[in-house]
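Here is the structure we will look at.
The values are calculated or read from the model by the stated rules, or taken from the named source; none is laboratory data. Owing to the predicted nature of the structure, the values given are computational and were not obtained by experimental measurement. Cβ atoms come from the backbone with ideal geometry, glycine included; neighbour counts cover every protein chain shown. Note: areas computed on protein heavy atoms with side chains; ligands, DNA, RNA excluded. Shrake-Rupley method; radii C 1.70, N 1.55, O 1.52, S 1.80 Å.
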Amino acid sequence: MTGSLAGPGGGRYRFRDTWVLPASPKAVFDAVVDLAAYPLWWRDVRSVSQVDEDTAELVCRSRLPYALTVRMHRDRQDEHEGRVRVLLSGDLEGMLAGSLTPVDNGTRLEITQEVEARKPLLRKLDRVARPIFRINHALMMRRGQHGLQGYLGAGSG
């Protein structure tokens, strides 16, 4: 996994992560678009509620003492091209996109997030806590990658 964080402050963040997973692009794509299953493999995703056919609400909580509630609305989902994009609203607003490409014995999943923190606590602490938020994001993404690896491995047997 690689990750980076950039942004002008004011609660705006840009993250880019790369996961290499030992599964086919179809298996990874199917897992990534199945939001209801996220709590099965990503322990930071505490719950998922379906709002409508294209929208789900996720409650996420990592090691920091707050939860984020985010609605994800499907904006693009193309298995053939290996691309998915959701629009985010709630405690984080912006977008999250994934791009899948086959690699030797697996799939590379490139994840891009451009968000603005809307939760008042995050906005208030942004200036002093930005490095902590960056570390928290990296750890959460690492747990997600490891969880998805295990989930895909369990599904292939």
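Some notes on this structure:
- Hey, E79 touching a Phe, Trp or Tyr at 6+ places or on another chain (Cβ under 7 Å) and at pLDDT 95 or above or not: yes
One line per residue, one yes/no per condition, for (1) over 22 Å from R118 (Cα atoms); (2) crowded, with 16+ Cβ neighbours inside 10 Å; (3) within 13 Å of the chain's Cα centre (by Cα); (4) touching a residue at least 12 places away in the same chain (Cβ under 8 Å):
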| residue | (1), (2), (3), (4) |
| --- | --- |
| G10 | no, no, no, yes |
| L58 | no, yes, yes, yes |
| P65 | no, no, no, no |
| S99 | yes, no, yes, yes |
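- Selection of first residues in segment 136-149 that are over 20 Å from Y13 (Cα atoms) and of second residues that are assigned to a helix (DSSP H, G or I), restricted to Cβ pairs under 6 Å at least 6 apart or on distinct chains, gives the following pairs, ordered by first then second residue: G147/W41; L148/W41.
- If you go through segment 19-69 and keep only what is β-branched (V, I, T) and not in a strand (DSSP E or B), you end up with V28, V32, V33.
- Close pairs from segment 69-97: first surrounded by fewer than 16 Cβ atoms within 10 Å (Cβ to Cβ), partner among the aromatic types (F, W, Y), Cβ under 8 Å, at least 6 apart: E79/F29
- Scanning segment 89-111 for any residue that is touching a His at 6+ places or on another chain (Cβ under 6 Å) and over 19 Å from L139 (Cβ atoms) turns up nothing.
- Annotation note: of G153, G147, the sole residue that is under 20 Å from P39 (Cβ atoms), of a type in the set (G, A, S), in a helix (DSSP H, G or I) and open to solvent by 30 Å² or more (accessible area, probe 1.4 Å) is G153.
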